[in-house]
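Undergrad: Can you keep this structure in mind? I'll have questions shortly.
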Amino acid sequence: MDWKFYRPEFAADHAPEMPAGMMTEGAWSGHRRFAYDLVRFAEPKVMVELGTLYGTSFFSFCQAIKDAGLSTACYAVDTWQGDPHTGMYGQINDGIYKAVHSFKSREFPQTGTMVRATFDEALPLFPSQSIDILHIDGYHAFEAVLHDYTSWLPKLAPNGIVLFHDTSVKIMNFGVHILWDQLSAIYPHMRFHHSNGLGVLFPKGVPDKFQDVLAQQHKLILRYSRR
């Protein structure tokens, strides 16, 4: 298995725009090292994430792209208005958007692109079969995440990867775990249970370089579960 475990320094950890602990202690924080290593291993041409908030995942992707000198185009799609699960941002709405935009513009001006729109509004911006890695982390009700998956799946490239966050959350009306159970029963996959759960799905085939990774996924699950 050619997978490499890097020891990255995340610039976002020291961003003055971000609330203290946001990058290191949030729900997505435990997946940053995997996200970084995934990008460096997969070397995607196009990445899109649906749902960004303060950018913990987005900036992990961007950091890997920058450090490796990749030409990957990485997009963050969000309204920065909130939803019933994150809460509606209200008057701090533009404050969050401006904080993310300020840091991105300074650290990743040529790497990350913020798309302030609903997920459906952003769909026409991406050609069919153009996205190599799609990260779904929007509103987590079952009907919402199912809609996000089915509407964006045609945009996924052959052998593309879909990341689902919150696969381990079973409170309120979170339904990602339901969709994940359905999809993982059909398609090759890998899943991390820590940090609210992260599912890694291959719905359009598995690239050759990932065959060994999936066969030895227990090594990755054990390694990344140690924060």
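What follows draws every value from the coordinates through simple rules; no lab data is involved. Just so it is clear, the model here is predicted, and its values are computed rather than measured. Cβ coordinates were reconstructed from backbone atoms using ideal geometry, including for glycine residues, and neighbour counts include every protein chain displayed.
Undergrad: Among the residues of the stretch 1-35, write down those that are crowded, with 20+ Cβ neighbours inside 10 Å and within 22 Å of ASP208 (Cβ to Cβ).
TA: Selection gives PHE34, ALA35.
Undergrad: Within the stretch 124-141, how many residues turn out to be outside any loop (DSSP other than H, G, I, E, B) and in contact with a Phe, Trp or Tyr (Cβ under 7 Å, 6 or more places away or on another chain)?
TA: 2
Undergrad: Among (1) buried (at least 19 other Cβ atoms within 10 Å of the Cβ); (2) within 17 Å of LYS4 (Cβ to Cβ), there is one condition GLY175 misses while meeting the rest; what is its number?
TA: Just one mismatch for GLY175, condition (2).
Undergrad: Is it fair to say LEU222 is at negative phi and surrounded by 12 or more Cβ atoms within 10 Å (Cβ to Cβ)?
TA: No, not satisfied.
Undergrad: When you scan the stretch 124-133, do you find a residue that is surrounded by 15 or more Cβ atoms within 10 Å (Cβ to Cβ) and closer than 18 Å to LEU53 by Cβ, even just one?
TA: no
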